[in-house]
Structures are given as C-alpha cells and as structure tokens.
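What follows is one structure encoded as structure tokens, with my remarks underneath.
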Amino acid sequence: MIAFHRVGLEYPRTGTKALYNVSLEVKKGEFVYVVGHSGAGKSTLLALILRRLLPTQGAVYFAGQNLRLLKGDQVALHRRRIGMVFQDHRLLSDMTVEENLAFVLRVQGVPQREWGERVFTALRRVGLAHKKRAFPEELSVGEAQRVAL
Ligand SMILES: Nc1ncnc2c1ncn2[C@@H]1O[C@H](COP(=O)(O)OP(=O)(O)OP(=O)(O)O)[C@@H](O)[C@H]1O
Ligand SMILES: [Mg+2]
C-alpha cells in the first residue's frame, strides 16, 4: 500500500539530509508506528506520503503509484484518500466547529441537505456534539484534534 524505495530527502535551503536511503513497505491492513528522536525525520516521512514533499533520491509509491507522477488535481485526490491528523489541528479559526466540518463536505461535493446529519454523526462519534457552535480557539487541544479527526 505504501512503499519507499531508497528514499532520500535533502531540504534545499539548508542542505539538511532528513532521510537517507530509506526503504520500507506497509501492506494493506498493517498497523505501523514510526518512532525516533526529535529531528529523526518522522514528519518528513509523513510529508512524503502526503506528497507535500518529493524525494530528492528514490521513489515513494502509494497504492502502486509513484507519487512523483501525480499531476494537477490528482494530488488533491491522493490527499483525500489519507486521513492525517496534524499536531497543530489546522481548523479554520473564523468558523465554528460545525462550519469547519460542513466546509469539508462542501469541498467534497456532498449535497447540502446531508451536511447537518453527517456533521452531527461525526461530532457525536468523537463526543463533541455539544461543542458544535464553539470556535477552534475555544476548544482544548485534545478537543480540537478530535474535531480534526
Ligand atoms: N522545512 C525544513 N527545512 C529544512 N530543514 C528541515 C525542515 N523541516 C525539517 N527539517 C530538518 O529535517 C530533519 C528532520 O525533521 P523532521 O521534522 O522530519 O523530524 P521529526 O522526526 O518529525 O522530529 P519531531 O519528533 O521533533 O517532530 C531535522 O534535522 C530538521 O531540522
Ligand atoms: Mg515531527
């Protein structure tokens, strides 16, 4: 499902070699942890999977496809297949919790009549239905991450 073939990543501005000769394979259904000291390259590895970065050596494959070959909206479609929770929650600060969730549905082309039910179901699942009118800055860190999830 995910494969790294001798991947290297050098950040161009500083010349930092964050990853060197990394090969790995994650199969469908596997549950994997990535551990390492601060600065080891974990976030860099995730950025390559999300295709926020391209490798400077080697290749990254997702579902058999070399991510370097994605063009235009294929990049956005690729990212939609990945659920990534960022440490900084990346919610839109000028929208309430329910508006943030409805915004995602709108971008995905979900008909407006379904938004209310789907937002409510999602918020209930993470125990936050009572926070739907809160703005992100009015949430605890853990609550904001649950909204992002
Ligand atoms: N945008 C960047 N430009 C230049 N160097 C970077 C950049 N981002 C990260 N680095 C460097 O690349 C290396 C790997 O960083 P990375 O963020 O992948 O580490 P990490 O394992 O996620 O660390 P942490 O556990 O602290 O989050 C570090 O030496 C870091 O200083
Ligand atoms: Mg990190």
Checklist entry - What number of residues within segment 26-57 are farther than 26 Å from Asp73 by Cα and either touching a helix residue (DSSP H, G or I) at 6+ places or on another chain (Cβ under 7 Å) or loosely packed, with under 12 Cβ neighbours inside 10 Å (or both)? => result 11
Checklist outcome for this item: Within segment 103-119, of all residues that are open to solvent by less than 90 Å² (accessible area, probe 1.4 Å) and part of a helix (DSSP H, G or I), the one farthest from Ala76 (Cα to Cα) is Gly116
Item to check | Qualifying residue in segment 48-57 (condition: farther than 25 Å from Lys131 by Cβ, outside the structural domain of Phe135 (by TED's automatic domain parsing), away from ligand 1 (no atom under 13 Å from the Cβ) and of a type in the set (A, V, I, L, M, F, W, C)) | outcome: yes
Next on the checklist: Can you list residue pairs whose Cβ atoms sit under 6 Å apart, with the first residue in segment 58-85 being within 23 Å of Val104 (Cβ to Cβ) and the second being open to solvent by 70 Å² or more (accessible area, probe 1.4 Å)? Count only pairs 6 or more apart in sequence or on different chains.
Outcome noted: Val85/Leu149
Checklist entry - Scanning for something under 17 Å from the mean Cα position of the chain (by Cα) and open to solvent by 50 Å² or more (accessible area, probe 1.4 Å), does segment 124-147 turn up at least one residue? => result yes
Checklist entry - Looking at (1) more than 26 Å from Ala76 (Cβ to Cβ); (2) open to solvent by 90 Å² or more (accessible area, probe 1.4 Å); (3) away from ligand 2 (no atom under 16 Å from the Cβ), which is the one condition that is false for Asn21? => result (2)
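The values are calculated or read from the model by the stated rules, or taken from the named source; none is laboratory data. Please read these numbers as outputs of a predicted model, since none were measured by experiment. Using ideal geometry, Cβ is built from the backbone for each residue, glycine included, and neighbour counts are taken over all protein chains shown. For accessibility, only protein heavy atoms count, side chains too; no ligands or nucleic acids. Shrake-Rupley method; radii C 1.70, N 1.55, O 1.52, S 1.80 Å.
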